[in-house]
Number of protein chains: 2
Amino acid sequence: MSQVNAYAAQSATSDMAPFSIERRTLRPDDVAIDIDFCGVCHTDIHFAHNDWGATVYPVVPGHEIIGRVTAVGEQVSRFKAGDSVGVGCMVDSCRTCSSCESGLEQYCAEGMTGTYNGKDRHDSSITFGGYSERIVVSDRFVVNLPAGLDPASAAPLLCAGITTYSPLRHYGVKAGDKVAVVGMGGLGHMGVKFAKALGAEVTLFTRSENKVAEAKKQGADHVVISSDRAQMKAAREQFDYILDTVPVQHDLNPYLACLKVDGTHIIVGLLEPIEPALQAGALVGKRRVLTGSLIGGMPETQEVLDFCAEHNITCDVEMLDIKNINEAYERMQAGDVKYRFVIDMKSLKTSP
Amino acid sequence: MSQVNAYAAQSATSDMAPFSIERRTLRPDDVAIDIDFCGVCHTDIHFAHNDWGATVYPVVPGHEIIGRVTAVGEQVSRFKAGDSVGVGCMVDSCRTCSSCESGLEQYCAEGMTGTYNGKDRHDSSITFGGYSERIVVSDRFVVNLPAGLDPASAAPLLCAGITTYSPLRHYGVKAGDKVAVVGMGGLGHMGVKFAKALGAEVTLFTRSENKVAEAKKQGADHVVISSDRAQMKAAREQFDYILDTVPVQHDLNPYLACLKVDGTHIIVGLLEPIEPALQAGALVGKRRVLTGSLIGGMPETQEVLDFCAEHNITCDVEMLDIKNINEAYERMQAGDVKYRFVIDMKSLKTSP
């Protein structure tokens, strides 16, 4: 196993020595999981490269995890050895604040414990994520993989999926609503699928003419080329909801103008300051709403998997051998993946 | 009557010649009103000074109007001569768009017709407002003054009142909610009264230590001095709603931090670009909402008057003779009024 984690760490920083970790002895509420598949999220790149200045090396990225239970702690009743399960972006929270009590652990007052690069609440060790053979996670933060969902393409539902599903459900998107999705990467293409499955009329905003056919294949009813002034003008005041998946700074004002009265713009990718400056008048003049949303709580993470099984939705994935992770990062940064890389963990065993 | 309007116009620009207007012959849906009182709104100053570059001179400001019906058009059944009535910020709209059909005429797809400096939808004449002896308004845009409400102190309910009442109602503020109001001018002090009347626990954010006693007199349970770092830190994640009445650019980030998960920051005063830049992470990380609200529709404008009559709420006013309007503008700009000037229109008849 040392080889596994050494590989992940080295993929992040080439000058690091290999290291060895042992997964912890099971606590009473723990679930031990052999990992089959792990999706590759843009956040992984940020942590591997320490873009946010918060990385504790060695880091083992990965928070879109699908695997099989190998053992459970004495208090665990929801899972047993052999179960197919998933683990997403968090592995613990305070469990007592009002958010945790409402099943919104991602908004825990004390801060959730990240699946990787988090600090374990019991022993203060740094958590290691899913680019690995195994993981041990408290049962509250493990979900069941419903029968019928392909395990590899279900992996990204644990982050890209829940991140787009949660706000659409929270704001009650329903049949007849006009929903626009901005950007069609890993998150955006899931947003299109979910909005469509919820009965909405779906529009994709994209800068790329060459994404039009693909967007329609994903379920979009319409495509607006956001760099085309005439198209943007025609889109004004058309939408009930805009799901904005763009993860870098961009001008929100042209999109706000596309919302109807009482329309809602939902940020799920952007964490930077909002520049150029937002026009307050665009909110006041039409009672529009700007909001954000962060992944989803554990009950809703189970719900999105069940929803996907019911509606036959999965993420479009490209399978990846772990030895190609650095190339995958480069391709992701170039927007060259449809739409999520998923590491086949069998490739760990054959890695050099 | 020429003297009246000449006065108002001259108060705006001293180099203008006096002018004369005649109120229009009654259309079938018109209500002719003798004006008793008119509140003085900051917007009046902006239009008088052409701060927004949109003023058509001569301008007769005033959109917080209380008066008595003198005559009605042949199709008017809701009003009769002698009725006490009010007119607010708008006197017409398209009446057919979905907003108008929902009683949200302020968000009319074609744009509402402002009570002053608007363009009449029938004859394209420029509308004149309430610093005047008389006004003629289509019945849809006239509301009844409930018995028991003091007419002078009810006047500002037509703008300052409805502007703060509408978002609190739209977002469903109720007993037990923690509501903060930012700023305690004409709008802010009404926001405190309404939030309190709706059963909320009310906090005022103010920069001025010397407003603490006054805020508590108005009904605030708590006061936070926004320039005090320790007080702002203690206020973090405390509020369900923040009603932000500050009409000039200010940093919203410290206030967003004071919202709970799912908390809502409502802008009613600010129309400028939001700078310094809003931190997107503050929205995403706690699913917070930033929104705005513009006055209220006609059904809700009637509702706020009825609510005030029922709860014995009025605006705190300082009565004003029209000849002192320029001094009043100066005092308003210095924040020196508790909390709204109201012009006694009898003073017009004795003006030079």
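Look at (1) surrounded by 21 or more Cβ atoms within 10 Å (Cβ to Cβ); (2) of a type outside the set (A, V, I, L, M, F, W, C); (3) within 12 Å of chain A (Cβ to nearest Cβ) and you find that B:Pro276 fails only one, number (1).
Could you tell me which residue of the stretch A:252-272 is farthest from the chain's Cα centre (by Cα), considering only residues that are at pLDDT below 95 and facing chain B (nearest Cβ under 7 Å)? Don't jump to the end; show me each part of the working.
Step one: list which residues in the stretch A:252-272 are at pLDDT below 95, which gives A:269-272.
After this cut, where a residue has to be facing chain B (nearest Cβ under 7 Å) as well, the list is A:270-272.
Working: A:Leu270: 13, A:Leu271: 14, A:Glu272: 18 Å.
Ranking the qualifying residues of the stretch A:252-272, first place goes to A:Glu272.
Taken over the stretch A:321-340, the criterion of being more than 17 Å from A:Ile35 (Cβ to Cβ) and not in a helix (DSSP H, G or I) is satisfied by A:Ala334, A:Gly335, A:Asp336, A:Val337, A:Lys338, A:Tyr339.
Here A:Ser125 meets the list (1) outside the structural domain of A:Val248 (by TED's automatic domain parsing); (2) in contact with a Phe, Trp or Tyr (Cβ under 9 Å, 6 or more places away or on another chain) almost entirely, failing just condition (2).
Does A:Leu270 satisfy the condition of being part of a loop (DSSP other than H, G, I, E, B) and either acidic (Asp, Glu) or not assigned by TED's automatic domain parsing to the domain that holds A:Gly39 (or both)? Let's see the steps before the verdict.
Details: part of a loop (DSSP other than H, G, I, E, B): yes; either acidic (Asp, Glu) or not assigned by TED's automatic domain parsing to the domain that holds A:Gly39 (or both): yes.
In short, yes.
Being within 14 Å of chain B (Cβ to nearest Cβ) and not in a helix (DSSP H, G or I) holds for only one residue in A:Leu283, A:Leu294, and it is A:Leu294. Checked against (1) within 14 Å of chain B (Cβ to nearest Cβ); (2) farther than 30 Å from B:Gln249 by Cα; (3) surrounded by fewer than 23 Cβ atoms within 10 Å (Cβ to Cβ), A:Tyr329 meets all criteria but (1). Considering only the stretch B:203-219, state which residues are in contact with a helix residue (DSSP H, G or I) (Cβ under 8 Å, 6 or more places away or on another chain) and either within 14 Å of chain A (Cβ to nearest Cβ) or part of a loop (DSSP other than H, G, I, E, B) (or both). Result: B:Gly219, single match. Do we have any residue at all in the stretch B:74-92 that's of a type in the set (Ser, Thr, Tyr), out of contact with any His (no Cβ under 8 Å at 6 or more places or on another chain), under 22 Å from B:Ala309 (Cα atoms) and in contact (Cβ under 8 Å) with a residue 12 or more places away in the chain? The answer is yes; a qualifying residue exists. Hey, any hits in the stretch A:302-317 for a residue that's farther than 23 Å from A:Ala197 by Cβ and assigned to a loop (DSSP other than H, G, I, E, B)? No: the stretch A:302-317 contains no residue that is farther than 23 Å from A:Ala197 by Cβ and assigned to a loop (DSSP other than H, G, I, E, B). Scan the stretch B:135-156 for residues that are closer than 25 Å to B:Cys100 by Cα and not in a helix (DSSP H, G or I) and the total you get is 9.
In the list B:Gly176, B:Gly161, which residue meets the criterion of being in contact (Cβ under 8 Å) with a residue 24 or more places away in the chain, assigned to a loop (DSSP other than H, G, I, E, B) and of a type in the set (Gly, Ala, Ser)?
Details: B:Gly161 fails: assigned to a loop (DSSP other than H, G, I, E, B).
Of B:Gly176, B:Gly161, the one residue that is in contact (Cβ under 8 Å) with a residue 24 or more places away in the chain, assigned to a loop (DSSP other than H, G, I, E, B) and of a type in the set (Gly, Ala, Ser) is B:Gly176.
For the stretch A:220-242, a residue qualifies if it is within 14 Å of chain B (Cβ to nearest Cβ), of a type outside the set (Asp, Glu) and surrounded by fewer than 17 Cβ atoms within 10 Å (Cβ to Cβ), and exactly one does: A:Arg236.
B:Leu104 passes every criterion in (1) over 24 Å from B:Val342 (Cβ atoms); (2) surrounded by fewer than 23 Cβ atoms within 10 Å (Cβ to Cβ) apart from (2).
Restricting to the stretch B:225-251, and then to whatever is of a type in the set (A, V, I, L, M, F, W, C) and over 20 Å from the mean Cα position of the chain (by Cα), can you tell me which residue is nearest to B:Lys174 (Cα to Cα)?
Filtering the stretch B:225-251 down to residues of a type in the set (A, V, I, L, M, F, W, C) leaves B:225, B:230, B:232, B:234-235, B:239, B:242-243, B:246, B:248.
Still in the running and over 20 Å from the mean Cα position of the chain (by Cα): B:225, B:230, B:232, B:234-235, B:239.
Details: B:Ile225: 25, B:Ala230: 29, B:Met232: 24, B:Ala234: 24, B:Ala235: 20, B:Phe239: 13 Å.
Here the residue is B:Phe239.
Hey, among B:Ser20, B:Ser11, which residue is crowded, with 22+ Cβ neighbours inside 10 Å and at pLDDT below 95? Spell out the reasoning first.
On the way: B:Ser20 fails: crowded, with 22+ Cβ neighbours inside 10 Å.
Step by step, each of B:Ser20, B:Ser11 is checked, and only B:Ser11 is crowded, with 22+ Cβ neighbours inside 10 Å and at pLDDT below 95.
Please work out if A:Leu187 is in a helix (DSSP H, G or I), modelled with pLDDT of 95 or more and either among the acidic types (Asp, Glu) or in contact with a Ser or Thr (Cβ under 6 Å, 6 or more places away or on another chain) (or both). Quick ask: steps written out before the conclusion?
Details: in a helix (DSSP H, G or I): yes; modelled with pLDDT of 95 or more: yes; either among the acidic types (Asp, Glu) or in contact with a Ser or Thr (Cβ under 6 Å, 6 or more places away or on another chain) (or both): yes.
Answer is yes for this residue.
Taken over the stretch A:243-262, the criterion of being closer than 22 Å to B:Asp244 by Cβ and crowded, with 23+ Cβ neighbours inside 10 Å is satisfied by A:Leu252, A:Leu259.
The values are calculated or read from the model by the stated rules, or taken from the named source; none is laboratory data. No experiment lies behind these values; they were computed from the predicted model shown. Cβ: placed from backbone, ideal geometry, glycine included. Neighbour counts: every protein chain shown.
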